[in-house]
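Below is one structure, written out as structure tokens; the observations come after it.
Quick note: the coordinates plus some simple rules give every number you see, no bench work behind them. Since this is a predicted model, take the numbers as computed values, not measurements. Note that we place each Cβ from the backbone using ideal geometry, even for glycine, and neighbour counts take in every protein chain shown.
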Amino acid sequence: MSILKGLKEMEKALVRPAASSEGGLKVRWLKLDDQQSAKIRFINELDEDSPHYDPERDLAIVVSEHSNPKDYKRKAVCTVDSEGRCFGCEMARKEPKSGWRARFRFYINLLVDDGLEDPYVAVWSQGVGKQSAFNTLREYAVDTGSIGNRTWRMKRQGTATDTTYILLPGDPDTEKYDWSGVEPFNLEKVVREVPYAEQEAFYLGFDAPAQSNNTNIDW
Ligand SMILES: [Zn+2]
């Protein structure tokens, strides 16, 4: 739209949402400091067969993703199945030991009570390697049928890529937990899907704001 009438329209068009790379969806990510712990509840279950599964709260997801080994925040979904082509897969073939190959990550909504502010909903994302907290959770779900029917204590140890999470399950709920007012993020919209045509620029950082002063200026 090239003609804007009224402040609301102008605001929508001119004030970009902060998390524009996520398609306008503002995601709150879990943020714990090294050695910080919190009481959490898993909002999503891992499987529909769980007796505590609720379609409103939906399931956690596991996604095959690539990231630029030199810039791990440049991470997006592998598109070889959806588009038949994928820049990350091409890089992995070209440079097999470079760290470009696709890896599985899981995404889940948490209700976080860190004792500092009112409990809030945040997304937690982790690799699914053998030593990962995800593996503990998966074993737990297979064993007991559910992860969402109790409060857990979660503790973060380490920083950046050298981070682990320790999860300790609390006792199961004796009464049905009241989930009213708790709104999880749509995880399928939280993960970043970049169309093939834009993947090279995205992964390699060509889409970053130019450093030079000759953009966005009328001469
Ligand atoms: Zn791929």
How big is the charge dipole of region 80-186 about its Cα centre, in debye rounded to the nearest 20, if each Lys and Arg gets +1 on its Cβ and each Asp and Glu gets -1 on its Cβ?
-> 860 debye
What does the helix-only formula give at 222 nm for the chain: each DSSP H stretch with n ≥ 4 adding -39500 (n - 2.57), the total divided by the residues, and the result rounded to the nearest 500 deg cm²/dmol?
-> -5000 deg cm²/dmol
Amide proton proximity set for I43, modelled H, under 5 Å, gap of 5+ | N109, L110, L111
With θ set to phi - 60°, apply the Karplus curve 6.51 cos²θ - 1.76 cosθ + 1.60 along region 103-112 and write out the HN-Hα couplings as whole Hz, x wherever there is a Gly or Pro.
-> 10, 7, 10, 10, 10, 8, 8, 10, 9, 10
What shape does region 112-162 have by the C-alpha gyration tensor, where a ≥ b ≥ c are the square roots of the eigenvalues, rounded means a/c under 1.5, and otherwise prolate means a/b greater than b/c and oblate the rest?
-> oblate
Once phi is turned into θ = phi - 60°, what whole-Hz ³J(HN,Hα) does the Karplus curve with 6.51, -1.76 and 1.60 give for every residue of region 38-51, x standing for Gly and Pro?
-> 8, 8, 10, 10, 7, 7, 8, 8, 8, 8, 5, 6, 5, x
Calculate the length of the line joining the C-alpha centroid of region 140-205 to that of region 48-94, in whole Å.
-> 14 Å
When a/c is below 1.5 the answer is rounded, else prolate if a/b is larger than b/c, else oblate, so apply that to region 69-148 with a ≥ b ≥ c taken from the square roots of the Cα gyration tensor eigenvalues.
-> prolate
Across the chain: Cys residues that no other cysteine approaches within a C-beta distance under 4.7 Å = C78
Across K155/K176; K70/K94; K73/K189; K94/K155; K75/K176; K75/K130, pairs whose alpha-carbon gap is larger than 27 Å = K94/K155; K75/K176
